[in-house]
Each structure stands twice: as C-alpha cells, then as structure tokens.
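Peer 1: Could you have a look at this structure, given as structure tokens, before my questions?
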C-alpha cells in the first residue's frame with residue numbers, strides 16, 4: 001500500500017515572474033535626462049594654460065655698434081614695433097668720443113629729458129670754427145667795401161697783411177708738426193686741439209687783412225656787395241644746420257623709467273650702453289595653440305601669480321599677432337595683453353616668464369564638451 005502511495009505523488013512545477021524588458025532602458029534614459037537637465041543648470045569655464053613673457057610697454061636702448069657708431073632706438077611693445085630709430089655715424093679719421101654722465105648708474109630711475117651723455121666730434125668742431133671765422137671775414141669785407149673809405153696810406157693795410165700772413169704761415173708749420181706728434185702719441189689731444197684753433201684764428205686774421213688791403217686798393221661795385229651778402233647768408237645757414245647737428249650730440253632720454261641692468265648681450269651685435277624700461281605700464285605676451293585662438297577675444301582677462309607674495313595679477317587682451325610661429329613643434333599665435341595692476345618692482349622684472357591662465361566666459365555644458373572634444377582631437 002505504501003508502495004502505491006509513492007507512485008501516486010503529484011509533482012508541482014515552479015514558475016518565476018519576469019519583469020518588463022523595457023523597464024531598465026527607460027530608467028536609464030530617465031536618469032541620464034535628469035543628469036543632463038541638472039548639469040545644464042550649471043555654468044562651466046574653459047581654461048587655457050600657457051607661459052607668458054612680461055615686457056615694459058616701452059623700452060629705450062642706446063647702443064654702440066662694432067664700428068663705433070651710436071644706435072638710438074625706442075621700442076613699443078604694445079604693437080611690437082620700433083617707434084623711433086636713429087643712427088649717429090662718425091667720419092673715418094674723426095676723433096670722436098661719447099661720455100656718459102658720471103652719476104647715471106648711481107640712480108635707479110631717470111626722467112624724460114634727463115641728459116644721458118654727450119658726444120664730441122673734432123671734425124664738426126673744426127668745421128664750426130672755420131665757418132664762424134669765414135662769416136666774420138665776409139662781414140668785415142662787406143663793411144669795408146660798402147664804406148667806400150680809402151685810407152690815405154694803403155701801406156698800413158699792406159703791412160698788416162704781411163704781418164698776419166707771417167703769423168699764419170708760422171702757426172701752420174707748428175700745427176703740421178703737432179699733428180705728426182699727436183698721431184705718434186707724443187703730445188696730448190688737448191695740446192693738438194689748441195694748436196689747431198690758433199691756426200684757424202691766424203688764418204682768418206690773414207684772410208681778413210688781405211681782403212681789407214685789396215678792398216682799399218680797388219673799391220667795390222654793387223655786384224660785389226650783392227655777392228658778399230649772398231655768401232654771408234649761405235654761411236649763416238650752414239652754421240645754423242651745423243649747430244642743430246651738434247645739438248643732437250647731447251643724448252637725452254625720450255621716456256621716464258627704470259634703468260635696466262642686465263649682464264651679457266643676448267646675442268646682439270651691438271653693445272648696449274644703457275637700457276631704460278617704462279614703468280607706466282607693462283604688457284605680457286602669451287603664445288597659445290592656433291586651434292585655441294577662436295575662443296579668445298580682445299577684452300578677455302588672463303591671470304598670473306607673483307612669485308613673491310602669491311598675489312594674483314590680471315591683464316586684458318589687447319591684440320593678437322597675425323603670423324604663426326612654431327614653438328615645441330606646435331603652431332602658436334602670440335596674444336598681447338596689458339597688465340591691469342601696478343606692478344611692484346620687486347615682484348616682476350622685464351623678460352620674466354610666468355605661468356598664465358586664460359579663462360573663458362561662462363559656457364553651457366554642450367559648448368564646454370565641444371571644446372573638450374576639440375582639445376582631445378588636437379592633442
């Protein structure tokens with residue numbers, strides 16, 4: 001009986017309930033949509049990091065070339081141009097020199113118009129002395145011709161002429177001898193210059209005496225008076241132009257600023273006698289990747305930090321270079337920005353390299369993600 005009961009046992013089949021297959025995708029979609037919705041409520045900032053070089057807004061350099069000429073240049077770092085440039089050349093054989101003011105490098109700052117140094121040129125000084133003497137001679141000649149007076153004894157004028165000629169010829173020989181001695185460095189420059197000046201004076205005295213004698217002998221016509229008057233005008237004009245040129249021999253600073261002291265010449269072909277950096281304002285030049293330029297615009301801010309007190313400084317973008325440069329194998333474009341703060345002299349120095357951060361305006365999530373994709377693609 002028991003055996004029969006065992007064979008009659010009923011078997012019950014187990015069933016499991018399966019959830020809807022669309023439920024998980026639906027929940028995931030809702031969750032993602034919720035995340036995107038919430039994320040779009042926030043604003044994002046796209047940041048560009050680079051290195052920047054700090055320069056003064058203006059920099060004036062007075063330098064000496066290898067052949068002894070002076071180069072005077074004023075650089076405008078805002079526009080990356082040379083706003084002023086002059087070269088003072090000295091003639092071959094000219095005993096020229098340049099003397100810096102003795103107290104110049106005892107100061108840290110100089111003002112606009114301060115005298116930096118004085119140039120001297122023996123050739124120009126001699127030319128000025130000759131022109132001045134010739135002008136005196138022509139004026140005296142005009143006076144004699146125009147007076148119409150004839151001294152009773154012309155022999156007096158003749159004797160004066162002979163005496164002046166003797167003194168002139170004697171001084172000429174002395175000067176020629178002194179020139180040889182000076183070239184051989186047997187006498188100082190001052191003695192040679194005194195000799196030259198005496199020679200010029202005696203020569204003019206002789207010419208004046210000779211012309212007076214000739215004028216007394218022959219009288220004058222109106223054509224002669226007109227000719228002498230025109231000579232006087234021409235000489236006066238030459239003296240005026242020469243004095244203007246000699247006025248440029250006094251070198252003054254075109255800007256106010258700080259004297260830059262820097263060892264070496266950084267590969268330059270000139271020897272800088274003095275460099276002055278304007279302290280009114282500074283600029284910072286920052287190379288950025290070419291693909292990042294469309295995200296930048298004039299007026300945008302950038303920031304960098306002082307190495308001294310960790311203070312944050314800001315600058316405003318004022319312009320961009322229009323030529324690409326290859327830096328570290330990448331195409332770069334330089335951004336030029338004007339530093340907003342007054343820079344402490346102890347915090348920053350010209351040509352200093354700083355870490356720079358350029359932050360964008362607030363972006364939506366979509367714009368931010370597009371820029372990140374572009375960043376990944378270009379790297």
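Peer 1: For the structure I just gave you, tell me whether residue 135 is surrounded by 15 or more Cβ atoms within 10 Å (Cβ to Cβ) and either at pLDDT below 80 or in the same structural domain as residue 69 (by TED's automatic domain parsing) (or both).
Peer 2: It is false that residue 135 is surrounded by 15 or more Cβ atoms within 10 Å (Cβ to Cβ) and either at pLDDT below 80 or in the same structural domain as residue 69 (by TED's automatic domain parsing) (or both).
Peer 1: How many residues, within segment 185-194, are farther than 12 Å from residue 126 by Cβ and assigned to a helix (DSSP H, G or I)?
Peer 2: Pass one, segment 185-194, residues farther than 12 Å from residue 126 by Cβ: 185-191, 194.
Next cut, assigned to a helix (DSSP H, G or I) only: 189-191, 194.
Of the residues in segment 185-194, 4 are farther than 12 Å from residue 126 by Cβ and assigned to a helix (DSSP H, G or I).
Peer 1: Can you find, within segment 86-129, the residue that is modelled with the lowest pLDDT among those that are touching a helix residue (DSSP H, G or I) at 6+ places or on another chain (Cβ under 6 Å) and surrounded by fewer than 17 Cβ atoms within 10 Å (Cβ to Cβ)?
Peer 2: 94
The values are calculated or read from the model by the stated rules, or taken from the named source; none is laboratory data. These figures come from a predicted structure and were not determined experimentally. Methodologically, a virtual Cβ is constructed for each residue, glycine included, from the backbone with ideal geometry; neighbour enumeration extends over all protein chains shown.
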